């Protein structure tokens, strides 16, 4: 065991009967700061819930863009293109011929496969187009109009969010909270080396979480093409729907808090390497831990409300 990892001498350990440590100005300050953050995120998530509850029942559909007027389209039919097949030009021509859509719009439909949506059809037209696409080697099925007040989880025609990827990312963030607890515990015992190790682990896990979120944003904003029920442009950007605006606002603010936490952890980690903390002076590590746990708890609530419900 190295000197950095050695526990403090028994004489320096607080006894069981020792009076609890008084609240330091730093601890009071961090709790006051976290109280303001709790109010901020309560308002943010509360607004999300209000917007969702007030959204009309026909705001989102599997065949038309968000907020489209569907009063006269209750009997509308469409075709969901599962796979383009070997004859992409033939498929594009068949869709254009059946619907009169332009080249750019047809290209977006093909790019969105396996969830490409062809709309503007009646029941007979949807059946004929499905049969024509099947003869060209494409996979397609007719679909009737479905509506909802908010995109449902795991509905690829209205909701672009990858729950599976975000579940893994949530687990990574929870693990970072555990390593943060171990870092604080280690420095309280005077084990400086272990504290630095666990701070590094927390920093890496937090950075990984942030990197996955950046990747998710890239996929949503420009990396993939989505069906019209998600976005009329093919990309999930803040202006395409109320759901998109709420999603990027809520997750964006949380991402900024995670980024601030990662920077803070990096500073604390460097301080730990320089030996600035000990069993008698570990306030900065503890305060960083409190903030990091807060960020984790907020994400669990956000993940549940935005992704799963």
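Coordinate-derived values only; no laboratory data. All figures in this text were calculated on a predicted structure; none of them were measured in a lab. Every residue, glycine among them, receives a Cβ derived from its backbone with ideal geometry; neighbour counts consider all protein chains shown.
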- Message: Running a GNM on the chain with Cα contacts under 10 Å, which residue among 188, 213, 280 ends up with the highest mean-square fluctuation?
- Response: 280
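If you stretched the chain out fully between residue 83 and residue 131, how much longer would it get, using 0.36 nm times the residue separation minus the C-alpha to C-alpha distance?
15.9 nm
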- Percent relative contact order of segment 75-144, based on C-alpha pairs within less than 8 angstrom and at least six residues apart? 56 percent
- Of 273, 242, 199, the most mobile residue in a GNM of the chain (C-alpha springs, cutoff 10 Å) is 273
- Note on the structure: Between the Cα axis of helix 192-218 and the main Cα principal axis of the chain, the angle (0 to 90°, nearest 10) is 20 degrees
- Item | Stokes-Einstein translational diffusion, segment 139-276 - Kirkwood Rh over all Cα pairs, 1.306 mPa s, 10 °C, in µm²/s | 92 µm²/s
- Item | Degrees between helix 283-302 axis and first principal axis of the chain (Cα, 0 to 90, nearest 10) | 20 degrees
- Message: Under the 0.36 nm per residue contour assumption, what length would be gained going from the current alpha-carbon distance of residue 178 and residue 72 to full extension?
- Response: 32.7 nm
- Once both labels are modelled 7 Å past Cα along the beta-carbon direction, what's the residue 51-residue 154 spacing in nm? 2.6 nm
- Task: Averaging sequence separations of C-alpha pairs under 8 Å and six or more residues apart, then dividing by the length of the chain, give the relative contact order as a whole percent.
- Result: 23 percent
- On full extension of the chain, what length is gained from residue 245 through residue 40, given 0.36 nm per residue of separation minus the C-alpha to C-alpha distance? 72.0 nm
- Task: In nm, give the distance between the simple-model label positions of residue 290 and residue 263, each being 7 Å from the Cα along the Cα-to-Cβ direction.
- Result: 2.1 nm
- Message: Considering only C-alpha atoms, what is the centroid distance from segment 263-293 to segment 42-75, in Å?
- Response: 45 Å
- In degrees, nearest ten, helix 25-53 long axis to first principal axis of the chain (Cα): 10 degrees
- Task: List the residues of segment 122-143 whose backbone N lies under 13 Å from a point placed 7 Å from the Cα of residue 96 along the Cα-to-Cβ direction.
- Result: none
- Approximate spin-label separation residue 23-residue 144, in nm, with each point projected 7 Å along Cα-to-Cβ: 6.1 nm
- Largest fluctuation, 173, 136, 210 only, Gaussian network model of the chain with Cα springs under 10 angstrom, belongs to 136
- Task: If a/c stays under 1.5 just call it rounded; otherwise compare a/b with b/c (prolate if a/b is bigger, oblate if not). Do that for segment 75-144, with a ≥ b ≥ c from the square roots of the Cα gyration tensor eigenvalues.
- Result: rounded
